[in-house]
Amino acid sequence: MAEFNNQIDEIKTLITSNSKSDKSIGYSMLLHIQEQSIQHSSAIEALSKRVCHLLLSIIADISDEDEEIASQALKCLGFMIYHPSLVTAVLEDVAHLVVESLVKLITTTKIKAVCNLGVWCISMQQLNASFLARNFHSLLRAIIHALDNPIGSLSTTFEAMQAVIKLAAQLTEKMRDTSNIWVPVIYRRLLSSDKRERDMTERCLLKIKPTIIPPTLNLSKALVVDMKKKLLYEMKEVIQDRGRKVHTIQAWGWYIRLLGSHALKNRQLVNEMLKIPEQTFSDFDPQVQTASQVAWEGLIDALIHPPSEAPRAIMASGHVAKQRSSMTLDNCNFENMGKALVHVAQQRSSMTLNRCNYENSEDGLSKSLRLVMTPLVGILSSKCDISVRSFSLNTWCYLLHKLDLEVNCPTVLKTVIEPIFEVVFQMGTDDKNRWLWNICLDLLDDYILANNGDRDNGLSQQVSCCSSTKISSLGHNNGSQGSFKDYPIKWLPWDLTKLGLPIKVIHILISQGSLTHLTPECKTFACKSALKAFRSVLKGIQIELKKSSINYGEIMLCLNTILSLTKQVFEDATSKQFDDLLCTSLHLVGVVREEIEPSVLASPLYKVAMDFKYISELQTIVDIEYPKVPEISYFKYMDMVSPTVYLTTLYLCMGARSISDSSRMEMILHGLEKHLRFVLSSYNHLENIYAILNLLYKHNEFAWLKIWLLIANVLKEHIDSFKDIPSLKFELDSDGYAAVSWFLAYPFLVCLYPKKLSILGKTSCSSDLSFASSRMEFESIIEVWKSLYASVNRYEQSNSSAMTTFSEDLCGILNKVFNEKSIKPNGGIELCLKDKHQNLILQLLSGEVAICLLNQVLVFYDDGLRSKGSSGECFQPTSIKNILEFIARVFSALASFVGRLCLKCHILLLVEVCLSHSQRDFCIQT
């Protein structure tokens, strides 16, 4: 400490000397101590005690005619007024002398280095803000003098701009209020022919942008004067030079931004200014186009000024706040602008801004947005370089950010968001465009799921907590040279009134996935994108459905919308025969099942129209032969059903349309299996079983046994899954028994009522014969039939009061089917017997069923006799008339067969086989 004190005393003596050499040595020693103070706090402490005395000597030397002495003194001065510990030790009077001396030096010196260092001191100072405010005008005068740069040095200009940045940070309000005085000196350099000067000017403007944007009225007026006097003419001249187009449009961006809302009061000037981007947007150079996109953000800053605090009730209902700055555009020539942007313009015409009614802010916003959106849509829909389109999307995101809460208004959704989604999603899905898709998909996802957790919270909380979406580049590495910026977007909570936009986007995505020229990878990507958007929509819907404020009409709107979408995709897939589209349709149904709760889909309160074209076509076929089943209520076209029945029917209609295509059929069966497992475990499944019977009994063809087989397996697993009898009792009530009985009768229907015509007017004999000829497949049907029958009997056998009731009712149905067929005119049963395949299958099926029934009757009698022996009561057998009637049919066929045996060897062989089976069954029973 003592050492530094001695050195400072020596320095003070040297710098106050009249000898220039002593002064030079003294300032060199002072600079050395200042450097040492970084590591030695004692040096700062020593300096702080003598700072005022040193400053008085220093400010006397900064105006020395010797450049070396003046420069050394200014360097030491800069440190003194920069270091916080030294600044606090400076008396206000001394500080005032420092400022006065610097201002005088800057405005009077002819030495470039001295002037630069003087301005540098202002840019480095850490003086108190209140002190600076009292000396603001003096400092501003010095800075403006340096900006005017009478010496003609770029270094002086650079230091002056650094001083501007410093004061803008320290005295923001004062610098803003006087921006009309000092900003013009800066922005005039944007059109300089010197690249270094242009670059330092733009860097300065970027740093002080928060201070000067939005511009004050006085600044805008000052710019209008400059534009009319010189700058506009200069831009029009420079734009003709291809090498200067980029920096010209960059300057244009700043000029239009600095005009702000005042620009719309100078219609003629703005019309002339808009001719500049007309030329650059249509230029073939990607760099010029990219610079145009960035400059276009200046127009966004000028035109879009949402209110800081809009009435929240209005914003939440989707209306534009009525308190806005009066900005309106009228009759803009958007068509010519759009043509220029896609490089097909033949003639350019001026874009015009006419007088308008400033009181209608919503109309003004709409016109402003249409003007801003024209080049963005044009670029994205063109074949421009991917880097240009990336900047166009980036500018669009900036617009969404600037709109603040008004981004949620219907006008904005229609004018700003929807057109970009349409353009982006109608592009190809190749690698160059894929990241654009991802950005828009994520933005759509955030738009739908914004603020989901708030649910029924108050409106004020929803608005204040609106989500801020950040759009990232998501793998933006496709040759674009620009960086993709992040802009927070304020979404209000999504509601059902906004359902139209995402549904429209999903339709576009699905249509893209069905394009025939796309590669499989691109089709898959488009379909996955559609599913992602659809799932987000359903998540948003489910959240809305849980709100207490939702009404019946809104619920039905949701259900009809999402079910209509799934149906339309299915019908498009079947009409166009697109496997990818069919796969998407199956996934859509799965997403509905996964995201919407059973309490909605299976509720008896909500009914939707059965509007399938296939059901309508089915009703027009009058010559399909099938028995009349009073227990089954056949659905008709446009009948009202629950959403879950609608989805079940949709699967079956898919199967009917694809019955002859094995690959498509396997895909549908896989989806149907998952759907049925979920339905049977979650919903009122009896309604769905009747829906299945509804369509099965209208398709009496062997190919449909594939669908029957799948359903039977799932139904059996469902019944077997019950571990306790009481639970099963609720499943298998009287209606449940009837449904299962008619379901088990379906294979007999297929054999007895062969289809004459297919729904599409084409015969399916080949598929029927190929299926019938596969003995292994039909044997699997018999095994599943027996397994399902046994599973149903599990409950019946536990309830002695209902023993054989199910079997008796089932045989009653089978007998009815046989009897109805036998009384058909012209001997319908004889026609069936002529088909060897059907006859063989019918006999095989009937025989296996008869064996099952006989075994049950034997068990029933054995249990009854044992019960009689133990209790002594008389055994009262339950009626088995229908069972015996069905078995008699089988015996009749067997008797007919035996009666036709005429060879002794065949008769003896039959007797031997029957005896061997009888002995085996006797041994088993004993």
Notebook entry, point to check: So which residues in segment 83-106 are of a type outside the set (Gly, Ala, Ser) and closer than 27 Å to Ser42 by Cβ?
Noted result: His83, Pro84, Leu86, Val87, Thr88, Val90, Leu91, Glu92, Val94, Val98
Item checked: Hits in segment 12-60 - residues which are among the aliphatic types (A, V, I, L, M) and closer than 12 Å to Ala73 by Cα -> Ile15, Ile25, Met29, Leu30, Leu31, Leu54, Leu55, Leu56, Ile58, Ile59, Ala60
Item checked: First in segment 807-833 and closer than 14 Å to Val849 by Cα and modelled with pLDDT of 85 or more, second anywhere and open to solvent by 30 Å² or more (accessible area, probe 1.4 Å) and among the aliphatic types (A, V, I, L, M), Cβ under 9 Å, 6 or more apart -> Cys811/Leu884
Note to self: Conditions first: (1) buried (at least 16 other Cβ atoms within 10 Å of the Cβ); (2) over 29 Å from Gln170 (Cα atoms); (3) among the small types (Gly, Ala, Ser). Ala43 passes all but one, so which condition is the exception?
What the structure shows: (2)
Notebook entry, point to check: Would you call Ala712 touching a helix residue (DSSP H, G or I) at 6+ places or on another chain (Cβ under 6 Å), modelled with pLDDT of 85 or more, assigned by the TED database to the domain that holds Thr620 and in a helix (DSSP H, G or I)?
Noted result: no
Note to self: Given the criterion closer than 21 Å to Ile106 by Cα and open to solvent by 40 Å² or more (accessible area, probe 1.4 Å), identify the matching residue among Ser155, Ser179, Ser193.
What the structure shows: Ser155
Checklist line | Counted residues, segment 46-58 - those being open to solvent by 60 Å² or more (accessible area, probe 1.4 Å) and among the charged types (D, E, K, R) | finding: 1
Margin query: Scan segment 219-226 and tell me whether some residue there is more than 19 Å from Ala302 (Cα to Cα), surrounded by fewer than 17 Cβ atoms within 10 Å (Cβ to Cβ) and in contact (Cβ under 8 Å) with a residue 24 or more places away in the chain.
Written below: no
Next item on the list: Please go through segment 397-427 and pick out each residue that is open to solvent by less than 30 Å² (accessible area, probe 1.4 Å) and closer than 18 Å to Asp385 by Cα.
Entry: Ile420, Val423, Val424, Phe425, Met427
Notebook entry, point to check: In the list Ser846, Ser741, Ser791, which residue meets the criterion of being modelled with pLDDT of 80 or more and over 49 Å from the mean Cα position of the chain (by Cα)?
Noted result: Ser846
Next item on the list: Report, ordered by the first and then the second residue, all pairs with beta carbons closer than 9 Å, sequence separation of six or more or different chains, a first member in segment 414-435 that is among the β-branched types (Val, Ile, Thr), and a second member that is not in a helix (DSSP H, G or I).
Entry: Val416/Leu403; Val423/Ser381; Thr429/Leu518; Thr429/Thr519
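The values are calculated or read from the model by the stated rules, or taken from the named source; none is laboratory data. These numbers were taken from a predicted model, which means no experiment stands behind them. Methodologically, a virtual Cβ is constructed for each residue, glycine included, from the backbone with ideal geometry; neighbour enumeration extends over all protein chains shown. What goes into the accessible areas is simple: the full protein's heavy atoms, side chains included, and nothing from ligands, DNA or RNA. Shrake-Rupley method; radii C 1.70, N 1.55, O 1.52, S 1.80 Å.
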